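Written below as structure tokens is the structure these notes are about.
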Amino acid sequence: MKKFSITTRLISSLCLCLILTLGLIISYSTWRASILARERAEECIVSLARKQAHSLEHQIDIVLGELRKVAYTLSLIKNEHTEIDLDREQVTEILHNLSGELKETTGVFTCWEQSSFDNLDTGFANTMGHDNTGRFAPYLIRDEKDEITLLSLLTSPLYSAGGQAGIWYEAARSANKEQIFGPVHYIRQDKKVTVIILSVPVSTGGVFHGLVGASVNISFLQNDTEAGNKMLLGGAGRLTIINPEGVIVADSEDKALVTKPLELKSDEKIFQIMQSGYEQIILKSGCFNIFVPFNLGLSTDKWWVISRFPEDKVMADVRTTLWHQAGIGLIALLASCAVVSVIVRTIIRPLRHIISGLSDAALTVASASAQISATSGQLAEGTSEQAAAAEETSVSLNEMALTSKDTSELTRGSGQLMNDNIKKSVKTVMTLVDLTEKIALIEKDSGQIGQIIKLIDGIAFQTNLLSLNAAVEAARAGDAGSGFVIVADEVRNLSVRVAEAAKTTQNLLDTTLKRIAECAVSIKIMNSDFEGIVRSATIMGDKTSAITNATKELSRNIELINKAVAEMGKVIGQNAANAEEFASASEELNAQAEQLKYYATELFIIIRGAGNELAVFNR
């Protein structure tokens, strides 16, 4: 089996990957573009359908708004609580003015029940705006020249529109609420006109008296529908507007279908959509079918704009874009394949030089393996010597660890003693401080005692003076005061002794105060010295603690080193065993070198292909 070169295989694989990647990108682009195109088409179509619905809603709302005003005014005629009174001529004039304002209408009318307006029907028989019974039903129609003519609604073609005379009037009377009837065809001035009939009841207290209405020509809607359809995809689609009964109001493709029913029940899916009353989009039979509901006036019945557009027309632009993308992708693929070919060849070129080097490397490995075998024996001897040295180192480290532990224990005990001394010194300092405070109190009390002694000395002095005065007075008294003289002498002697005792006490107290002051000074000096001792002891304690911690850390490090040395011993022993295995492995290395030459040859064949072996591998 022929072996292809790695260049061929790499280029083929990378090109295949590029083809697959491009295919995935184009597939995704197709899928995404289809979705975006469909979404854009749906948005445009729905927008067009809503525009058509809004156009009809706007026209009808204008007419219904004016009809409601007139109906409300006429209902006041029948309200007994109001004083409004309009005759038939005035009502006809109101309708005439309304017809002139509502250019969208072909005519406006009011139709009352028999004798319901003013009970004077018989007097108006066969007059303008009345039938042969005199029933009040004026119908003011506008012709093509914008001239307004008064007819009787009951005898006009509009009353029979829908295939049965008065069918829409009877429906309005039965419902007694706003009605939108049609579309219907009727002949006006020899021309077929398509209109929808709007009617607003005139009633009081739920009693129906008549109605006010207008016929709206919907030819504008057919024109708008045809023009709107041409705006999208060049008129390839179809727009249809239908009323709640499924009757076609406008159709962009065939205006002859107007007033004809759309067969809803023949298509169950469409029938279900119409029954739901919600806007929906479906893809059926290769066409997008978009259903947009809307309401006219106060009615809750749904009118519908149905848009149908062929899927192939919607996706035509997408297909053109995809062909462009495919062409660009093909060009990109060819360019990429060329670039890949250049890159691969650029990468493979250095490999050829590498293969040649592999052969030389195999020879070098063989010679190196012999040297490795000789070296492995020397390595085994060296590892044995390292194992012995490691064992001696381990013993020395064990001794260092023991010494470190002893030092740590001693410093731990010294630290404890130092802490105890610091605590005792602190207590002594506190005692000296307390003693200093008490000596200060003694100094204060000694001062008070000195004052008392001075007081006693003063009293003794005064007593001595009094005793002298008493002696003088006793001498004056003669014999009668002789006894008093003796007492006076004793008192004077006593005061002299008290004064001497006070003086002696004062001297002793002064000496005591002096000594106390000297003692206080000594205690302050001692207190300062003790504080210095405490600070020094604290510093010594901190240093001792640091020494203890350092000794512990040293002990742990020595233990780690000892473990590491033990592990080194194991590793060295393992290395010795590995050295022996290394010697045998070197022998196998030579055999592997020969095998390497063979693989280099195979690699070159892979790079260049079969039949291109180099002579360098036969050396």
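The values are calculated or read from the model by the stated rules, or taken from the named source; none is laboratory data. These numbers were taken from a predicted model, which means no experiment stands behind them. Counting neighbours? That spans all protein chains shown, and the Cβs are built from the backbone with ideal geometry, glycine included. All accessible areas refer to the heavy atoms of the entire protein, side chains included, with ligands and DNA or RNA removed. Shrake-Rupley method; radii C 1.70, N 1.55, O 1.52, S 1.80 Å.
A few remarks follow.
- Only residues that are part of a strand (DSSP E or B) and either open to solvent by 10 Å² or more (accessible area, probe 1.4 Å) or under 18 Å from residue 221 (Cβ atoms) (or both) were counted across segment 292-313, and they come to 10.
- Matching residues, segment 81-112, being part of a strand (DSSP E or B) and more than 15 Å from residue 142 (Cα to Cα): 110, 111, 112
- Among the residues here, residue 427 qualifies as within 30 Å of residue 542 (Cβ to Cβ) and either in contact with a Cys (Cβ under 7 Å, 6 or more places away or on another chain) or open to solvent by 70 Å² or more (accessible area, probe 1.4 Å) (or both).
- On inspection, residue 135 does not qualify as under 60 Å from the mean Cα position of the chain (by Cα) and closer than 16 Å to residue 211 by Cβ.
- Yes/no for residue 197 being β-branched (Val, Ile, Thr), open to solvent by 40 Å² or more (accessible area, probe 1.4 Å) and touching a helix residue (DSSP H, G or I) at 6+ places or on another chain (Cβ under 6 Å): no
- In segment 532-550, the count of residues that are at pLDDT below 75, surrounded by fewer than 16 Cβ atoms within 10 Å (Cβ to Cβ), small (Gly, Ala, Ser) and more than 60 Å from the chain's Cα centre (by Cα) is zero.
- Any hit, segment 71-80, residues being open to solvent by less than 60 Å² (accessible area, probe 1.4 Å), outside any helix (DSSP H, G or I) and charged (D, E, K, R): no
- Number of the condition not met by residue 87 [criteria: (1) touching a residue at least 60 places away in the same chain (Cβ under 8 Å); (2) closer than 23 Å to residue 156 by Cβ]: (1)
- Meets criteria (open to solvent by less than 60 Å² (accessible area, probe 1.4 Å) and assigned to a helix (DSSP H, G or I)) for residue 35: yes
- Of all residues making up segment 119-142, the number that are out of contact with any strand residue (DSSP E or B) (no Cβ under 7 Å at 6 or more places or on another chain) and surrounded by fewer than 16 Cβ atoms within 10 Å (Cβ to Cβ): 9
- When segment 1-52 is filtered for residues that are closer than 30 Å to residue 310 by Cα, in contact (Cβ under 8 Å) with a residue 24 or more places away in the chain and among the β-branched types (Val, Ile, Thr), the ones remaining, listed by number, are 25, 26, 30, 45, 46.
- Within the set 373, 394, the sole residue that is surrounded by 14 or more Cβ atoms within 10 Å (Cβ to Cβ) and at pLDDT below 70 turns out to be 373.
- Long-range neighbours under 6 Å by Cβ, at least six apart or interchain, first residue of a type in the set (D, E, K, R) within segment 544-558, second in a helix (DSSP H, G or I) and buried (at least 16 other Cβ atoms within 10 Å of the Cβ): 552/408
- Residues in segment 133-174 that are at pLDDT 90 or above, assigned to a loop (DSSP other than H, G, I, E, B) and more than 27 Å from residue 101 (Cβ to Cβ): 133, 134.
- Test: residue in segment 474-494 that is under 30 Å from residue 530 (Cβ atoms), more than 60 Å from the chain's Cα centre (by Cα) and open to solvent by less than 50 Å² (accessible area, probe 1.4 Å): no
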